[in-house]
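A quick write-up on the structure given underneath.
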Amino acid sequence: MLTSLSIRNVVLIDALDLSFGRGLGVLTGETGAGKSILLDALGLVLGNRADSALVRSGEAQASVTATFEFATMPAAITAVLDDAEVELEPGEPLILRRRVKADGGSRGFVNDQPVGVALLRELAASLVELHGQHDDRGLVNPRGHRLLLDRFAGADTAKTAAAWQEWRAVEAQLEAARTDHADLVAEQDLLLAHLAELTKVEPQDGEETELATARSDMQKGEKLADDLEHLRLVWDGSDSALAQMRAAARRLDRIGDQHPLLAEALASLDRAVIEAGEAEDRLEEAARALTFDPLELDRIETRLFELRALARKHDCTVDELPGKMRELRERLDAIELMDVAEAELAKKAAACAQTYRDRANILSAARKKAAAKLDKAVAAELAPLKLDAARFQTDVAPLPEERWGADGMDGVEFLIATNPGAPFAPLNKIASGGELSRFILALKVALAQQGGAATVIFDEIDRGVGGAVASAIGDRLARLAEEEGQLLAVTHSPQVAARGGTHYLIAKSSQGIVTRTSVGKLDEAGRQEEIARMLSGAEITEEARAQADRLLEGV
């Protein structure tokens, strides 16, 4: 809850330090005393737009500091601070500060750590709830009505949200699969054409090297044909040198045992014959390898050029063509497999959609049941607030599918009809300022135990009413303060002021050309005097004081 507020140099306030406690605190004062300045200052520290006109004349800057203390820090606040990496020690108060310069610009701080103004606004939703006659936020804003009804119903929204997230995730996978499938199908004909072309050629691993070597050898054979033929004549025939060497070796073998030198000569000749024989074998192999065949050379070159042309077409090397064929087959197989995978995803998406609908329908039923209960609770509060001719309705309506979400399939809005037979319409479209404030109070009382901001403020909710209605408003504000823990009310009604546990007087004074607004906490005597002033006007009579006593005693 809000425990202190320090204001420096904001419009008519030069220096002000206020402390607040639990229960109902009321703020009163004459018209024009500066109640709006106090609320503007609080709004400033909660992230409202910084206007340099708020800086007190003659001062360089204005500042507002608000301190909030909790027995246990609300989870919503902790989450915001954690996301912003703002450190806060356990049990430490939350201190928000805002500085505004006279020449424009402002800075925000949380426990002396610089933060963006957006963070102050994010924290404000859990810290202060402000209701006024012209407020277009809070209970008036339809955006928050579904959450308020869910809290009132104690509805389990987590299952619906989880089902929605799972459905969306599967739908995203299905959409991606369909896109990929469509892209592959669009190129399927091209893939088939490329594969048919490659299959016709049927490239083999390492084929380019083999063909290039064969072509090179055949081209060399054409050049070496004469030399090879001459060498063949040297080695072939009975008169060849090798034949004569073999004949000499046979003759020498018959006489080699006649002398050692003959035996050595035979050994040398045998080695020569063996080497010459090996040379003859190599020449024959070379002749076969280098055989020039014009038709075979043409076949090799045609095949080689065909392979290289395909490699250029597919932007790869010839050696990569067999892999390219396998890749094309795999991509075509993937298209067929995608049909199966896509069907499975579609089936899963349909199941997730049905799960979401089932859980959303359970949530819708809980909302409709709670809506009837809430309507009854609000109706019970309307007559004492002089709204007995009015009707309240919580509209739970199905949304079109494109607006379904993690919160379900319902739109929720609080509607009113101020006169019998009149159609229902949104709160802020049909009620006057005073009626709207009382509707908000009735709704807030009905929703009292469902949680909300740490501090609730009602700004002049009693404007235009008096007597029994003002007493009813005061009674409900007091009851609401007990539920909420801390409630502040800016009021012109003595009946409401008398119900306050703490009473603050806002006053304006002038010294020469200097005007100041001050706020002070009243004691019992001060409360009697202020309530008497509210009852009688400028001149406080004894009768007014006596009536003030009766109001205070009746609390």
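The values are calculated or read from the model by the stated rules, or taken from the named source; none is laboratory data. It should be emphasised that the depicted structure is a prediction, and the values quoted were computed from it without experimental measurement. Here the Cβ positions follow ideal geometry from the backbone for every residue, glycine too, while neighbour counts run over all protein chains shown. We work out accessible area using only protein heavy atoms, side chains counted, and drop any ligands, DNA or RNA first. Shrake-Rupley method; radii C 1.70, N 1.55, O 1.52, S 1.80 Å.
Descriptive notes on the structure:
- Contact map, region 465-486: first residue over 16 Å from residue 500 (Cβ atoms), second residue assigned to a loop (DSSP other than H, G, I, E, B), Cβ cut-off under 6 Å, separation 6 or more or different chains; pairs are 469/386.
- Qualifying residue in region 500-507 (condition: out of contact with any helix residue (DSSP H, G or I) (no Cβ under 6 Å at 6 or more places or on another chain), crowded, with 20+ Cβ neighbours inside 10 Å and not hydroxyl-bearing (Ser, Thr, Tyr)): yes
- Considering 506, 513, the condition of being among the β-branched types (Val, Ile, Thr), at pLDDT 85 or above and more than 30 Å from residue 72 (Cβ to Cβ) is satisfied by 506 alone.
- The residue that is modelled with the lowest pLDDT, among those in region 404-432 that are open to solvent by less than 30 Å² (accessible area, probe 1.4 Å) and under 16 Å from residue 382 (Cα atoms), is 431.
- Condition met for residue 351 (open to solvent by less than 50 Å² (accessible area, probe 1.4 Å) and either within 30 Å of residue 187 (Cβ to Cβ) or of a type outside the set (Lys, Arg) (or both)): no
- Per-region count, region 32-50, residues at pLDDT below 85 and surrounded by fewer than 18 Cβ atoms within 10 Å (Cβ to Cβ): 2
- Some residue of region 520-533 being touching a residue at least 24 places away in the same chain (Cβ under 8 Å), among the polar types (S, T, N, Q) and more than 21 Å from residue 21 (Cα to Cα): no
- When region 51-95 is filtered for residues that are open to solvent by less than 50 Å² (accessible area, probe 1.4 Å) and either charged (D, E, K, R) or touching a Lys or Arg at 6+ places or on another chain (Cβ under 6 Å) (or both), the ones remaining, listed by number, are 56, 63, 64, 65.
- Of the helices (runs of 4 or more DSSP H) that lie entirely inside region 455-555, those containing 2 or more residues that are over 23 Å from residue 36 (Cβ atoms) and out of contact with any Leu (no Cβ under 8 Å at 6 or more places or on another chain) span 467-484, 524-536, 542-553.
- Any hit, region 100-115, residues being within 30 Å of residue 368 (Cβ to Cβ), open to solvent by less than 20 Å² (accessible area, probe 1.4 Å) and in contact with a helix residue (DSSP H, G or I) (Cβ under 7 Å, 6 or more places away or on another chain): no
- Pairs meeting the criteria (first residue in region 46-63 and in a loop (DSSP other than H, G, I, E, B), second residue among the basic types (Lys, Arg) and surrounded by fewer than 20 Cβ atoms within 10 Å (Cβ to Cβ), beta carbons under 6 Å, at least 6 apart or on different chains) are 47/121.
- Residue match in region 296-304 (condition: modelled with pLDDT of 85 or more and of a type in the set (A, V, I, L, M)): yes
- Cross-chain or 6+ apart pairs with Cβ under 6 Å, region 190-218 first and under 13 Å from residue 304 (Cβ atoms), then open to solvent by less than 40 Å² (accessible area, probe 1.4 Å) and not aliphatic (A, V, I, L, M): 203/322
- Some residue of region 123-136 being surrounded by 12 or more Cβ atoms within 10 Å (Cβ to Cβ), among the hydrophobic types (A, V, I, L, M, F, W, C) and free of Cβ contacts under 8 Å to residues at least 40 places away in the same chain: no
- The criterion of being modelled with pLDDT of 80 or more, closer than 30 Å to residue 362 by Cβ, in a loop (DSSP other than H, G, I, E, B) and acidic (Asp, Glu) does not hold for residue 205.
- Any hit, region 516-533, residues being at pLDDT below 80 and surrounded by fewer than 22 Cβ atoms within 10 Å (Cβ to Cβ): no
- Beta carbons closer than 9 Å, at least 6 apart along the sequence or on distinct chains, pair a first residue in region 373-385 that is modelled with pLDDT under 90 and open to solvent by 30 Å² or more (accessible area, probe 1.4 Å) with a second that is of a type in the set (Val, Ile, Thr) and assigned to a helix (DSSP H, G or I) for 384/469; 384/473.
- In the set (1) surrounded by 18 or more Cβ atoms within 10 Å (Cβ to Cβ); (2) at pLDDT 95 or above, the condition left unmet by residue 358 is number (1).
- Applying the condition of being more than 30 Å from residue 317 (Cβ to Cβ), in contact with a Phe, Trp or Tyr (Cβ under 9 Å, 6 or more places away or on another chain) and at pLDDT 70 or above to region 208-246 and asking which residue is most open to solvent (accessible area, probe 1.4 Å) yields 241.
- The sole residue among 21, 25, 43, 32 that is in a helix (DSSP H, G or I), of a type outside the set (A, V, I, L, M) and within 26 Å of residue 492 (Cβ to Cβ) is 43.
- Residue 315 surrounded by fewer than 18 Cβ atoms within 10 Å (Cβ to Cβ), assigned to a helix (DSSP H, G or I) and of a type in the set (D, E, K, R): no
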